[in-house]
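The values are calculated or read from the model by the stated rules, or taken from the named source; none is laboratory data. Model, not experiment: these values are computed from the prediction. Cβ: placed from backbone, ideal geometry, glycine included. Neighbour counts: every protein chain shown. Each accessible area value is taken on the protein alone, full model and side chains, heavy atoms only, with ligands, DNA and RNA left out. Shrake-Rupley method; radii C 1.70, N 1.55, O 1.52, S 1.80 Å.
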Amino acid sequence: AALDVLRAGGNALDAAIARRRVGEIEHKIGKYDQASTSLKKAIADFTAIRTSDPSLGEPQKILTEELLAREELISLHARRDQFPKAQEELDAIRSILSAYPDFAQSPQGRFALASALTSLSSGGARLALERSFNDRRRRNLPPFFNRPADFTVEVAPPMALRILKDLNHNSEAIGLLEDLAKQEPNQTQYRLELARNHRDRMRMSRLVGNQ
């Protein structure tokens, strides 16, 4: 209700940003259904703002905020093992970037795509690791990273296919982030995200026996 009042009395973009932030908080505290609703409503608001005024041209702030909301929704879907829904959001991000080529080639646009790819692929890595840990506990095996190098975790074929797809997303993210880090070596955010992707790649590769 507070957001509706804000929308009615003030800036629609500010209201959409506020709703996105609410969704992020709900996600962090485990209110996944509420987070999904908040983020989807924020995305609808951003889309309406972006498409309602063609004179905006390349609305960088609106695009940045909308892609942040979509990235958060990808992360939420991945956490809930809803890979098709996460993939749909990634496809939506690609479509948006195709419609705004100048933004897509900007550092903000490339980082937004890299972040979305990271959220999707890291979700797969996390789920696979959780399942391997459950398997370890069930079979009384030593911790995952203390096992011999040639030890292979039993990963079900559907999960293996999921991980292979996520490895492709991970490779694309790494490529984008490496280019960004070269162009702006002082940008800590790029290096941190790159390190996160390399960590996830190592985990996923070992799980499917590609390392």
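See the values below:
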| item | result |
| --- | --- |
| Count - residues of region 90-108 that are within 13 Å of the chain's Cα centre (by Cα) and of a type in the set (Asp, Glu) | 1 |
| Helices (runs of 4 or more DSSP H) completely within region 1-99 that count 3 or more residues being open to solvent by less than 40 Å² (accessible area, probe 1.4 Å) and modelled with pLDDT of 90 or more | 12-28, 32-52, 60-79, 83-99 |
| Cβ pairs under 8 Å, 6+ apart, first in region 98-112 and touching a residue at least 12 places away in the same chain (Cβ under 8 Å), second loosely packed, with under 15 Cβ neighbours inside 10 Å | Tyr100/Glu58; Asp102/Glu58; Phe103/Glu58; Pro107/Gln183; Pro107/Glu184; Arg110/Asp179; Phe111/Gln189 |
